[in-house]
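The values are calculated or read from the model by the stated rules, or taken from the named source; none is laboratory data. Keep in mind it's a predicted model, so treat the numbers as computed, not measured. Because the Cβ atoms are built from the backbone with ideal geometry, glycine has one as well, and the counts that use them run over all protein chains shown. Note: areas computed on protein heavy atoms with side chains; ligands, DNA, RNA excluded. Shrake-Rupley method; radii C 1.70, N 1.55, O 1.52, S 1.80 Å.
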Amino acid sequence: MPRELALGDALVPGLLVLFVLALLLLWLLDAIAGRFGLYRLVWHPPLFRLAVFVCVFGAFALFLF
Amino acid sequence: MSTMDPTNTVPAFRQVLAESLREEASVWLFVVKTLISFFAAGWLAMRFDLPAPSTAMLTTIIVANRQSGMVLAKSFYRTIGTLAGATAAIGIVASFPQQRDLFLVALSLWIGICAGGATLYRNFKSYAFVLAGYTAAIVAVPVIDNPPGVFDSAVFRISEVLLGILVSGVVSDVVFPSRMRDVLRRTAREQFAHFVGFVRDSTEGAIPRDAMEKAHLRFVRAAVTLEDLRSSVIFEDAEARVRSNHLRLFNQRFMAASTSFQSLHHLINRLKRAKRTRTADTLVRLYAPLADALQGPIEAGLAARVLLPHLVTARETMRRNAPELRATLDDPQDLRDFDTGASLLNRFAEELHAYIDAAASLQSPRVVAGSVERVSFDRGNDFLGAGIATFRTTLTMLILGAFWIESAWPMGASAMLLATIFAGLFATTPNPTRVTWVVMLGYLTGMVMGFICLFFVLTKMDGYGLLVLGVAPFLAVGLVMMMTPKLAFYGLGWAMGFAYILSLKNVQTYDPAHFINDAIAQVIGLGAAAVSFVVIPPAIGSAWLRRRQLARLRGQVALAAEAPLPGLRHRFESVNHDLVSQVVAQTEPGSADSRALIAWALAVHETGRALIELRHDMGRRDVPATLRPYLDESLRTLARFYEKPDAAGYLLARDAVATAIASVGEHEGQNHLLEHLHLVRLALLDGESVLAAYMPQAPLTKDIAHAS
C-alpha cells in the first residue's frame, strides 16, 4: 500500500486512511460487543475499547511499513 | 454545645465533610482532566507542526464537561459541524475569489442560515449548526487576500479541531470517567417510581386540580429529560446504544399512560364537582384493585416484573367487578359516565401494563432483536423563530463586514470571527443578552490574565514542561469557575479568552502591540454580538414566541383530528411534551403565562388523545355511512375551535359533538365510539378548564348541572 494516496488530486497520508478504517472497524466491534453485553466482562470498558483500537490501528499500520 | 453527644454528631460531621469533599473532588477531577487534554492536545499539535495549536487547545476547553458522554456527544457534533463548515468555506471562496463584497454577503448568509438552523434543535445538534457557521468564517476569513490558500486553511483547521476532539474524547473517557449512564438509569428509575407511586397513592380519587397540574408538569419534565439524556448517552456506552430504542419506547409508554391517568382523574373530579359522588365513588371503587396490585416496593428493572402478574389479576378483577358495580347505578346519565370512566380505566390499565413491562425489561442482560417497535421523539419546532435568528446573524455579519471594508481595519478579521462565534454560540440560550455580557466580562478578565501570563510569566519559561506550569494556574481558575453554577458563563469566557488570546504556537511571538490590537478587536467583535442580541431580540423567551408556541400546542388537537393515523399517537404525545417543556422552560413558575399554558396543555392532551382513540376505533370497524358525516363534522369543528378559539367556534364544536353522540345512539352496535365522544364532551363542558372563557353566559342548565 502506498504511503500517500491521491484523493481527487489531494495527497492524503495513507496512515490517515487507515485511521479512518480502523475507526470504522472499531465502531463495528463496539456495536457487536454492546449488542451481546460483552462489556460486562471487562473492568474498564473505555480503556478496553481504546486498547482494541490501538491493536487494530497498529495491525493496519503494518500494511504501510 | 458542650453536652454534644459525640457518637451522634461525629458521623454527621463526617458525612457532611465526605459529601463536600466528594463534590470538590469531582470539580477538581474535571479541572485536572481538562488540563491534561488541553496540554496533551497542544503538545501533539506542536509535534505535528500544525500552524495553530491553540485551536486544538481551545477545542478541548469548548467540549469540556464533567460527563464523558456529554464530551463524546459534543465532539461528535463538533466534528460534523467542522467538516460541513470547512466544505462550505471552500465553496464560498471558490465562488467569489476576487469579489470581497459578494464573498462577505455569501459568508454572512451561510452563517445566518446555520444560526437559524441551530434554533430548530435542542441540545448538541444545534451546536453542530453553530459550528458549521463559524468554522466557515474561521477558514475563509484569514485567506481573504490569498484565495488559493483556502484548501490548506481548511485542512489545518479540520486537523486541529479533530486532534483536540480526539484527545479530549480519549482523556475524558479513559481517565476516571464519570458515567452518564448512571444518571440515565437513575432518572429512568425515578420517573418510574414517581409515576407508579403517584398512581398508587391517588386511589382516594380526588386529586385537587393544582396538584394535578404540578404532577403533569413533573411528568412532562421527566419525559423530556429522559429523552435528552438518552440522546447523549448513546455516544458513551455501546450497551445503551443497543437499548436506545427500548428506552424511547419506555418513554412513549410513560407519556401515553400519564395522559390517560390524567383524563381519568379529570373525569372523576368533574363528577365530584357536579355533586354526583355516587358515580365518582363507583369509579373509584372499580379502580381500587389497580392500587392494590401496585403495593410493595416500586423499582424499575427486573424487580418490576413481579408487578405484572398482579396487574393482570387486577384487570381481571376489574372486569369481573364492572357489571356488578354498574348494576348499583340506575340513572342513564350515571350509567353513561360510568361506561366512559370504565373504558378510560381499561385503557389506562392496559397502558400501565405496557409501561411496567417496558420498565421491567430495561435492564435485562440480553436485548432480543426486533422485539421493539421503532419509535421516535418528535419535536415541536418554530420556523419563524429560526428565520429571525438567521436575519439577526446575517445582519450583524454584514454590518461588521461593511465596517471592515470601509475602515480598512487590519484587525477586522479578528472582530468578525469573534462576533460570529458568539452570535452563534449563544443564539439558542434563553437569555442571550445577559449571557453574552457575562461571557464578555469573563473574556476580558481572561485576556488580562493572558497578558500577565504571556509577558510576565512565559517570557521567563523555556520548554513545554515549564509552559504547562506557567499556564495551568491561570487556566485552572477559569475551569473551576465553569463548574460553579453561578460563575459558569464567567468562567467559560475566562477560559476561552485566555486560551484564545494566548494563541500558543511552536515559535511563540511576544508582541505587546499586536496583542493589544487583537484584544481590542476581539472585544469589539464580542460587543457587536451582544448588541445584536439587544437590537433584534431573540425569539426564544419572548412573549411573541410563547403565543406562537401556545397556538401550536392548540393546533395539536387539529393534528389529532386530521393527520394520518399511523404513528400518530407517539407523534402527538412527543410533540406535545416537547412544546410544553419548551414553554415551561421559558416562563416563570406560577406566573399567569405559565398557568394559562398548563391549563391549555391539559385540555389539549385530554381532547387530543380522545380524538385519536376515536379515530382508531372508527378505522378498526366499519362505521355506517349515515353516521360518518356527523363524526367527521365534530372532528372538524373541534379542530377549528382549538386552532382559533372563540365563542362561536365553541358553540359549533359543542353542538357538533352533541349531535354526533345522539346519532351514535341511533345506530346499533356503535357504542364503542360513545365513550370517546363523551370524554370529549365532558372536557368541553368542564367549567374549571381553560375553555370556560368561551362558554356562553347562559348555557343549557341541564348540561351545567350534568358536567361542570
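If you average the sequence gap of Cα pairs under 8 Å that are 6 or more apart and divide by the length of chain B, what percent do you get for the contact order?
Reported relative contact order: 15 percent.
Among the listed pairs B:LYS214/B:LYS272; B:LYS214/B:LYS275; B:LYS214/B:LYS486; B:LYS486/B:LYS644; B:LYS460/B:LYS486; B:LYS74/B:LYS486, give every one whose C-alpha distance is greater than 32 Å.
Flagged as over cut-off: B:LYS486/B:LYS644; B:LYS460/B:LYS486.
In straight Cα distance, which aspartates and glutamates are under 19 Å from B:LYS505, not counting same-chain residues fewer than 8 positions off?
Within the straight-line cut-off, B:LYS505 pairs with B:ASP49, B:ASP152, B:GLU160, B:ASP462, B:ASP518.
Using 0.36 nm per residue, how much length does the chain from B:VAL175 to B:ALA596 gain when fully extended, once their Cα-Cα distance is taken away?
Going from the current span to full extension adds 146.8 nm.
Could you look at chain A and say what percent of its accessible area is carbon and sulfur, using a 1.4 Å probe and all protein chains?
The C+S portion of the solvent-accessible surface of chain A is 79 percent.
B:ARG621 to B:LYS214: FRET efficiency via 1/(1 + (r/R0)^6), r the Cβ-Cβ distance, R0 41 Å, to the nearest 0.05?
0.55
List the relative contact order of chain A as a percent without decimals, with contacts defined as Cα pairs under 8 Å and 6+ residues apart.
About 40 percent, as a whole number.
Any chance you could check region B:206-253 for residues losing 40 Å² or more of accessible area when the partner protein chains are in, compared with the chain on its own (1.4 Å probe)?
Buried-area filter returns B:ALA238, B:GLU239, B:ARG241, B:VAL242.
Return the FRET efficiency for the residue pair B:TYR464, A:ASP9: r is the Cβ-Cβ distance, R0 is 45 Å, and the value is rounded to the nearest 0.05.
Taking R0 as 45 Å, the efficiency between B:TYR464 and A:ASP9 is 0.80.
Let me check the size of region B:452-524 from its C-alpha atoms; what are the radius of gyration and Dmax in Å?
Rg and Dmax of region B:452-524, Cα atoms, are 13.2, 38 Å.
Would you work out which of B:GLN508, B:PHE455, B:GLY341 lies farthest towards the positive end of the dipole of chain B, given +1 charges on the beta-carbon of Lys and Arg and -1 on that of Asp and Glu, about the Cα centre?
B:GLY341
How much FRET efficiency would the formula 1/(1 + (r/R0)^6) give for B:ASP182 and B:ALA291, where r is the Cβ-Cβ distance and R0 is 25 Å, rounded to 0.05?
Efficiency at R0 = 25 Å is approximately 0.20.
How high is the relative contact order of region B:35-140, in percent, counting Cα pairs under 8 Å that sit 6 or more residues apart?
Over region B:35-140, the number comes to 28 percent.
Using only the Cα atoms of chain B, what semi-axes does the equivalent ellipsoid have when each is the square root of 5 times a gyration tensor eigenvalue? Give whole Å, largest first.
Over the Cα atoms of chain B, the semi-axes work out to 56, 31, 22 Å.
Order the following by accessible area, largest value first: B:ASP593, B:ASP292, B:ASP339. Probe radius 1.4 Å; ligands, DNA and RNA are ignored.
Of B:ASP593, B:ASP292, B:ASP339, the descending order of accessible area is B:ASP292, B:ASP593, B:ASP339.
Do you know which residues of region B:154-179 lose at least 10 square angstrom of accessible area in the protein assembly compared with their chain on its own, with a 1.4 angstrom probe?
SASA drop of 10 Å² or more in region B:154-179: B:LEU166, B:VAL170, B:ASP173, B:VAL174, B:PRO177, B:ARG179.
Ballpark to the nearest 100 Å², how much total accessible area do A and B bury together, probe 1.4 Å?
Buried surface at the A/B interface: approximately 1300 Å².
Leaving out ligands and nucleic acids, note down the accessible area per residue over the protein assembly as shown with a 1.4 angstrom probe, in whole Å².
The answer is 44 Å² per residue.
Can you give me the angle between helix B:488-502 and the longest principal axis of chain B, using Cα atoms only, in degrees from 0 to 90, rounded to the nearest 10?
Taking Cα atoms only, the helix is inclined about 30 degrees.
Angle, helix B:432-452 long axis vs. longest principal axis of chain B, Cα atoms, 0 to 90°, nearest 10?
Result, in degrees: 30.
Counting only protein heavy atoms and a 1.4 Å probe, tell me what percentage of chain B's accessible area is made up of carbon and sulfur.
Roughly 63 percent of what the probe reaches on chain B is carbon or sulfur.
Going by amide H atoms built from the backbone, whose H comes under 5 Å of the H on B:LYS644, apart from near neighbours?
none
Taking θ = phi - 60°, what integer Hz values does the Karplus form 6.51 cos²θ - 1.76 cosθ + 1.60 yield along region B:154-169, in sequence order, with x for Gly and Pro?
Along region B:154-169, the couplings run 5, 4, 5, 4, 4, 4, 5, 5, 5, 4, x, 5, 4, 5, 6, x Hz.
Got a sec to turn the phi values of region B:271-279 into Karplus ³J(HN,Hα) couplings, 6.51 cos²θ - 1.76 cosθ + 1.60 with θ = phi - 60°, whole Hz, x for Gly and Pro?
Ordered by residue, 3J(HN,Hα) equals 4, 5, 5, 7, 6, 10, 4, 4, 4 Hz.
Where Lys and Arg each count +1 and Asp and Glu each count -1, what net charge lies around B:ALA662 among other residues with Cβ under 12 Å from its Cβ?
Local net charge: -1.
Determine, for each peptide in B:135-148, B:316-329, the mean count of other beta carbons within 10 angstrom over its residues, then list the peptides with the highest first.
Result, highest mean first: B:135-148, B:316-329.
Amide H neighbours of A:VAL12 under 5 Å, counting only residues 5+ apart in sequence or on other chains, H built in-plane at 1.01 Å?
Here A:LEU5, A:ALA6, A:LEU7 satisfy the definition.
P(r) for region B:16-86: what percent of alpha-carbon pairs falls in each 10 Å bin, starting at zero?
The calculated distribution, bin by bin, is 19, 39, 29, 10, 3, 0.
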